[in-house]
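**Student:** The structure follows.
Please treat every number below as a calculation from the coordinates, not as lab data. These numbers come from a predicted model, not from an experiment. Glycine gets a Cβ as well: all are built from the backbone with ideal geometry, and neighbour counts include every protein chain shown.
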Amino acid sequence: MSLIYRKPQLDDGQRIHKMVLAAGTLDINSAYLYYLLADHFRDTVVLAESADGTLLGFVTAYRPPNNPHHLFIWQIAVAPAARGQGIGSGLLKALLQRPFMTDIQRIDCTITSNNTASLSLFRHLAALLKRPLIRQPYLSAEQLDGAHAAEDLYSIKLQEPLPG
């Protein structure tokens with residue numbers, strides 16, 4: 001399958017929001033937020049599309065203002081029909097290869113204990129980068145009002161910034 005990995009445009013916010021709604025596994029945020037991500041954070045958002053323009057996946061991430069050398073991977077999704085084809089890994093690789101990422105020293109994400117797909121994806125990324133994946137508690141179910149499973153923080157510390 002021929003894939004295109006690209007930065008989003010403002011109008012892609014709606015497509016990302018629809019994919020989140022259809023996934024059924026991601027925390028749902030307002031459509032407005034996904035428009036902001038597609039516009040204000042386009043350097044840290046990647047879309048995966050088929051040759052005909054069908055959205056097959058996305059990753060949203062950001063560089064925390066208080067830790068600009070860190071990259072926080074926020075949400076990643078792959079369309080059900082496209083899963084198991086390496087699109088999740090491709091999204092992360094496309095993101096990390098951008099010039100905006102050359103000084104990243106740590107990659108973080110949070111994952112619930114029952115999200116085996118995300119855990120497998122980040123284990124694969126750590127192996128690809130030849131770095132350990134470090135886990136520590138982050139947000140408990142109680143902190144999240146019991147309406148959400150606990151989120152553990154997973155980190156990949158890089159010895160040196162990513163190559164450009």
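**Student:** Of the residues that make up the stretch 19-29, is at least one within 12 Å of the chain's Cα centre (by Cα) and within 28 Å of S155 (Cβ to Cβ)?
**Tutor:** Scanning the stretch 19-29, I find at least one residue that is within 12 Å of the chain's Cα centre (by Cα) and within 28 Å of S155 (Cβ to Cβ), so the answer is yes.
**Student:** Sticking with this one: Please list, ordered by residue number, the strands (runs of 3 or more DSSP E) wholly in the stretch 56-164 having 2 or more residues that are buried (at least 17 other Cβ atoms within 10 Å of the Cβ) and of a type in the set (K, R).
**Tutor:** Here the list is empty.
**Student:** Looking only at the stretch 125-140, count how many residues are touching a Ser or Thr at 6+ places or on another chain (Cβ under 8 Å), of a type outside the set (F, W, Y) and touching a residue at least 24 places away in the same chain (Cβ under 8 Å).
**Tutor:** Of the residues in that region, 3 qualify.
**Student:** Just to be sure I understand, how many residues within the stretch 1-19 are farther than 19 Å from S118 by Cβ and assigned to a helix (DSSP H, G or I)?
**Tutor:** 6
**Student:** Scan the stretch 20-43 for residues that are within 22 Å of T112 (Cβ to Cβ) and not small (G, A, S) and jot them down.
**Tutor:** Hits for the stretch 20-43 are V20, L21, T25, L26, D27, I28, N29, L33, Y34, L37.
Yes or no, residue by residue, for (1) hydroxyl-bearing (S, T, Y); (2) outside any strand (DSSP E or B):
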{"site": "L21", "(1), (2)": "no, yes"}
{"site": "I28", "(1), (2)": "no, yes"}
{"site": "Y32", "(1), (2)": "yes, yes"}
{"site": "L37", "(1), (2)": "no, yes"}
{"site": "V46", "(1), (2)": "no, no"}
